[in-house]
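What follows is a single structure, written as C-alpha cells, with notes after it.
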Amino acid sequence: MEKFIESTEIRRKVLVTDDEVINREMLKMILSRDYDVDCACNGEEALNMLRQGSYSLLLLDLLMPVLDGFGVIERCAHDEQLKNVPIIVMTSEKSAEVKSIRMGAADFITEPYDMPEVILARCDRIITLSESRTIISSTERDDLTNLYTRGYFFAYINRMLPNIECNMDAVVINLDRFHLVNELFGRPEGDRMLRETAGLISERLVGDKGIACRTEADSFYVFCVHRDNYEEALVDIQREIEARTGAKSVRIRAGVYKNIECGQDVESCYRRAKTACDRLRGGFGAHTEVYDNDMHEKELFDERLISDFSRSLENGEFKVYFQPKYNIESDVPKLSSAEALVRWTHPEFGFISPGQFIPLFEKNGLIRQLDEFVWDKAAAQVKQWQDEMEFTLPVSVNVSRVDAFDPLLSQKLTGIIDRHGITRDSLLLEITESACSEDSARFVEIVNDLREKGFKIEMDDFGSGYSSLNMLTSIPIDAIKLDMYFIRNMLTDETAFRLVKLVVDVSDFLGVPVVAEGVEKQEQLTVLKAMGCEVIQGYYFSPPKPPENITALIEKEIYDERHR
Ligand code: C2E
Ligand code: CA
Ligand code: CA
C-alpha cells in the first residue's frame, strides 16, 4: 500500500506507555529516528496525553499500575476522540497478544527490543494502514493535473495539521475567463492550460510541506507554509502561463486565509480564502487578496442576519413597501400598479438595505420564506384597497431565482390568491432575467405553467444578464422591465440609449409593454415616452412607501378618473 503522503517531511508523534523506565528509554531511542516520541508511565497518564496531543500511534505496555494496558484499549475503543489512534501492545505473553488484538489493538511487539528495524517497520506499517483507512475517497489524484482530489486534500490536512509545526496558509486559486480558452481553442488546449497551471502552482507555491488539489475545472486549493506575500509568486505564475500558452486574456487570482489554527474547521478556512478570491473576480488589479478583518466582520454580520431572520419575521421587523408604476401613454400619467418591496428595520442595526440581505437569503434559501411573507402581505393589501376604496391596484411581487425553480411555486401562489379572495391577474410576478439564463428550457416551462394558471409575468432587470433579445420571442411574458442601469445611463451613453430603443421597438413588435424603472428625471421620462415606453417606475413619481401613502395616491387616481 502506498504511504499516505510520501513527499512530505512531516514527523508523526507517537506515545510510548510503559511503567519501566528502561523500556521507555529503549523504545524512545529506537523510535526517535523516525518519530517524535513522548512517554507516559501508566494508562491514566497515557489517556490524558492522547486527549491533548495528536498522536499517530500508541505503543502500550500491558502490565502497569493505576490503569493497565487492557484498560487503556477498552477506554480508547469507546472514546470518539481516541478510537482511531492505532495501538501496538508490547508484551512477552502469547495469550495476552491474542486477547489485546481481539480487543482492538492493531499489532504487538515482543520484548526484548533487539531488532530496531523490525519495530520501526511495524510502526510505519500500522500508521500507514490507519491513515489510509481515514481517507474516504477512493481516488486521490486528479487525472488531468495529477494534483490531489478535494476529498483527499481535506482528509490529509485534517489528519496532518496537528503534526505540523510551522504556520500554514489556505490559498484558493482561480483562473478568470478560463472558459474562453475552451471555447476559442478547444478542450485539449484548455486541458493543457490547466496542467501547466497545476505544475506552476506545485512548483512555485506548494513547497515540501504543502499539498495542492484541483476542486473544480479551473479552481485550485493550496495548503502551504505561511508567507507574508503571495503577489510576486502569482505575477510570476501569470507570466509563465502567458508565455507557455499564449493566452493573454486568462488571469490568475488567489485568495489567502493566513495561519490556519490547529482545531479550526479547515473547510471554513478555505471558504474564507474563496471569499477573498471572489473579490478579485473579473478585475485587472492585484492577483491576490487576503481574507482580512473587514471580510470577517461582514461574515459575522451576515451570520447575525441569518440567525436573526426567523425571530425578525415573527416580530414584524419586515415591512412591505410599495412603489407605484404609472402608465404614461396619455397626457396625465395613470396609476397602473405598484411593486412590493421588502424593508427590514432591525432592532440593533436599524434599516438594512434589501441589497444586503436579499442576495444573502438567496444563497441559503431563506428567501423563499421571506418572499412568501411578502406575497401574502401584498395580496392582503390588494384586497384591503379593493374593500376600502373599491379600487383594484394590481401589485407586482418579486419572485427570486430560488422561488422560480421551486416545484411548489404555483401551488403556493394560488394558495395565497385564494386565501385572500383576489384574482390571479392582480398579483403580478416579477421574475429576474438571470433566472432564465440559469436554465432557459425549464424557465420557459415554469412561465408557461404560471400563465396558463392565469398569472401575469414581468421579466425583471432585463438586459442585465446574458439572455439576448431574441429570447423575448421564445418566452411568453406580459411585460419587460428594463434594467435600471440602462435608464440611468441612456442620456449619457449611446450604447445604453440604443439598447433601450431596441428593446422598446422589439417589445412593441411583440405587443409586450415595457416598464422603465429607476426613472428619476423629467428628461428621462420625456425621452422614454417619445420612444414608446408605456410604463414608468421611479423616484420621479415616488420612492417605495408604506401602504398608507399609496392609499393617498389611489384617492388621487380615483379623483382624476372621475374628472377625466
Ligand atoms: P428590483 O426588483 O430591481 O427593485 C427595484 C429597486 O430599485 C428597489 O430597490 C427600488 O427601491 C429601487 N428604485 C426604484 N426607483 C428608483 C429610482 O428612481 N432611483 C434609484 N436609484 N432606485 C430606484 P430596493 O427596494 O433597495 O430593492 C433592491 C432589490 O432587492 C430589488 O431590485 C429586488 O431585486 C430585491 N428585493 C426587494 N424586495 C424584495 C422581495 O420582497 N423579494 C425579493 N425576492 N427580492 C426583493
Ligand atoms: Ca423587481
Ligand atoms: Ca428590477
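Worth a mention:
- Conditions (1) at pLDDT below 90; (2) away from ligand 1 (no atom under 16 Å from the Cβ); number of the one not met by Phe497: (1)
- Screening Ile88 against (1) outside the structural domain of Ala40 (by TED's automatic domain parsing); (2) buried (at least 16 other Cβ atoms within 10 Å of the Cβ) leaves a single unmet condition, (1).
- Checking segment 192-204 against the condition returns no match, with no residue being part of a strand (DSSP E or B), of a type in the set (A, V, I, L, M), modelled with pLDDT of 85 or more and outside the structural domain of Glu131 (by TED's automatic domain parsing).
- Residue list for segment 293-322, filter: touching a Leu at 6+ places or on another chain (Cβ under 6 Å) and not in a helix (DSSP H, G or I): Tyr321
- Some residue of segment 494-511 being more than 20 Å from Val444 (Cα to Cα) and within 16 Å of ligand 2 (Cβ to nearest atom): no
- First in segment 36-64 and farther than 9 Å from Leu15 by Cβ and free of Cβ contacts under 8 Å to residues at least 60 places away in the same chain, second anywhere and of a type in the set (Gly, Ala, Ser) and assigned to a helix (DSSP H, G or I), Cβ under 8 Å, 6 or more apart: Gly43/Gly69; Gly43/Gly71; Asp61/Gly69; Leu62/Gly69; Leu62/Ala96; Leu62/Ser100; Leu63/Gly69; Met64/Gly43
- Filtering segment 270-292 to residues that are outside any helix (DSSP H, G or I) and touching a helix residue (DSSP H, G or I) at 6+ places or on another chain (Cβ under 7 Å) leaves Ala286, His287, Thr288, Glu289, Val290, Tyr291.
- Scope segment 374-414; condition farther than 15 Å from Val320 by Cα and among the small types (Gly, Ala, Ser); matching residues: Ser400, Ala404, Ser410
- Being of a type outside the set (Val, Ile, Thr) and under 11 Å from Phe223 (Cβ atoms) holds for only one residue in Ala155, Ala170, and it is Ala170.
- Residues that are closer than 13 Å to Ala198 by Cβ and surrounded by 19 or more Cβ atoms within 10 Å (Cβ to Cβ), drawn from segment 218-244: Asp218, Phe220, Tyr221, Val222, Ile237, Ile241
- Test: residue in segment 154-165 that is more than 22 Å from Ala276 (Cα to Cα), surrounded by 15 or more Cβ atoms within 10 Å (Cβ to Cβ) and among the hydroxyl-bearing types (Ser, Thr, Tyr): yes
- For segment 395-438, the set of residues classified as among the acidic types (Asp, Glu) and more than 16 Å from ligand 2 (Cβ to nearest atom) consists of Asp406, Asp418, Asp425, Glu438, listed by residue number.
The values are calculated or read from the model by the stated rules, or taken from the named source; none is laboratory data. Source: prediction; values computed, not measured. Positions of Cβ are backbone-derived with ideal geometry, glycine not excepted, and every protein chain shown enters the neighbour counts.
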